[in-house]
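J.: Starting off with a structure, shown below.
The values are calculated or read from the model by the stated rules, or taken from the named source; none is laboratory data. The structure presented is a predicted model; accordingly, all values stated were derived computationally and were not measured. Methodologically, a virtual Cβ is constructed for each residue, glycine included, from the backbone with ideal geometry; neighbour enumeration extends over all protein chains shown. Heads up: the accessible areas ignore ligands, DNA and RNA and are worked out on the full protein's heavy atoms, side chains in. Shrake-Rupley method; radii C 1.70, N 1.55, O 1.52, S 1.80 Å.
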Amino acid sequence: AVVSTQVREAVVSTQSTGYANVRPAKSVPGVITPYSAEGVDCVIMRENTEGEYSGIEHTVVPGVVQSVKLITREASRNVAEYAFQYAKDHGRKNIVALHKANIMKMSDGMFLEQCREVAAKYPEISYREMYLDSACLKIVSDPSKFDVMVMPNLYGDIFSDLTAGLIGGLGLAPSGNMGKDGIAIYEAVHGTADDLVEQNKGNPTALLMSALMMLRHMGLKTHADKIEGAVLETLKERKFVTGDIGGTATNPEYAAEICRKIKG
């Protein structure tokens, strides 16, 4: 589940092995935020192969550069189909597509076109569209109005930081890069915080939760449930939690407590 940056970038850059980046954001017992009472439980579906991250840039004239936003029908449809099938499989009833088609009429317009076509095949799932900036305001006002969100690459990268903040920080935010034929790579939303790990201050929860996503993808639900129970109980007790979520424990102390709970 943990691979080098070079390998991850090489693999995830192809549509066949990582076209949908799944980023759940769910409130955790014991981690107190302004949203703890009502709880947060949403999932971001980020297109993972193109958009502004395609790396197509050039100098027009000295002092002027241009960056191309690449949107294709195939990639847009792939992530839309994954999002709707995910919602159906996980009993989620609402999907919202985030966009800026009011400005980028052709690129984001094509993305929405594919989302609408796929939505028509899932009448049991409510589908709506929302401007990205409006969604930022509305989700911090009332996260309960959001369930599954599907969006182009850059938007998903930024918006997932916002949703991580709603639940207590990036140390709690897992993700999975989902491809065709069951191929998938799992990682924390934004890396492993190597500088903190060297000081034994890193919060491994995001990596642990990413590993749980991997186990369930492999059909090892019982194993995942047992580990998840130990993680959540440790967080709820707050005796051995890391500094980013208000504790004083080191990374090894937190991990050791989880292991003790797994062993019973």
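J.: If you check every pair at least six apart or on different chains, which have Cβ atoms under 9 Å apart with a residue in region 98-115 that is closer than 20 Å to Ser160 by Cα and open to solvent by less than 20 Å² (accessible area, probe 1.4 Å) first and a residue that is assigned to a loop (DSSP other than H, G, I, E, B) and charged (D, E, K, R) second?
T.: Asp108/Lys69; Asp108/Lys100
J.: Hey, another quick one. Restricting to strands (runs of 3 or more DSSP E) lying wholly in region 1-93: which have 1 or more residues that are touching a Gly at 6+ places or on another chain (Cβ under 7 Å) and at pLDDT 90 or above?
T.: On the way: elements: 20-26, 41-47, 57-61, 64-67.
Correct list: 20-26, 41-47.
Residue-wise test of (1) in a strand (DSSP E or B); (2) aromatic (Phe, Trp, Tyr); (3) at positive phi; (4) in contact with a Pro (Cβ under 8 Å, 6 or more places away or on another chain).
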site	(1), (2), (3), (4)
Phe111	no, yes, no, yes
Glu117	no, no, no, no
Pro123	no, no, no, no
Tyr127	yes, yes, no, no
Met130	yes, no, no, no
Ala135	no, no, no, no
Lys138	no, no, no, no
Ser144	no, no, no, no
Val150	yes, no, no, no
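J.: Any idea which of Leu154, Leu220, Leu196, Leu170 is modelled with pLDDT of 95 or more, surrounded by fewer than 20 Cβ atoms within 10 Å (Cβ to Cβ) and in contact with an Asp or Glu (Cβ under 9 Å, 6 or more places away or on another chain)? Reasoning before the result, please.
T.: Working: Leu220 fails: in contact with an Asp or Glu (Cβ under 9 Å, 6 or more places away or on another chain); Leu196 fails: modelled with pLDDT of 95 or more; Leu170 fails: modelled with pLDDT of 95 or more.
Step by step, each of Leu154, Leu220, Leu196, Leu170 is checked, and only Leu154 is modelled with pLDDT of 95 or more, surrounded by fewer than 20 Cβ atoms within 10 Å (Cβ to Cβ) and in contact with an Asp or Glu (Cβ under 9 Å, 6 or more places away or on another chain).
J.: Give Ala249, Ala206 a once-over and let me know the one that is more than 26 Å from Cys42 (Cβ to Cβ), open to solvent by less than 20 Å² (accessible area, probe 1.4 Å) and at pLDDT below 95.
T.: Values: Ala206 fails: more than 26 Å from Cys42 (Cβ to Cβ).
Only one candidate passes the filter, namely Ala249.
J.: Is it true that Thr222 is among the β-branched types (Val, Ile, Thr) and out of contact with any helix residue (DSSP H, G or I) (no Cβ under 6 Å at 6 or more places or on another chain)? Full working, then the answer.
T.: Working: among the β-branched types (Val, Ile, Thr): yes; out of contact with any helix residue (DSSP H, G or I) (no Cβ under 6 Å at 6 or more places or on another chain): yes.
Spelling it out, Thr222 is indeed among the β-branched types (Val, Ile, Thr) and out of contact with any helix residue (DSSP H, G or I) (no Cβ under 6 Å at 6 or more places or on another chain).
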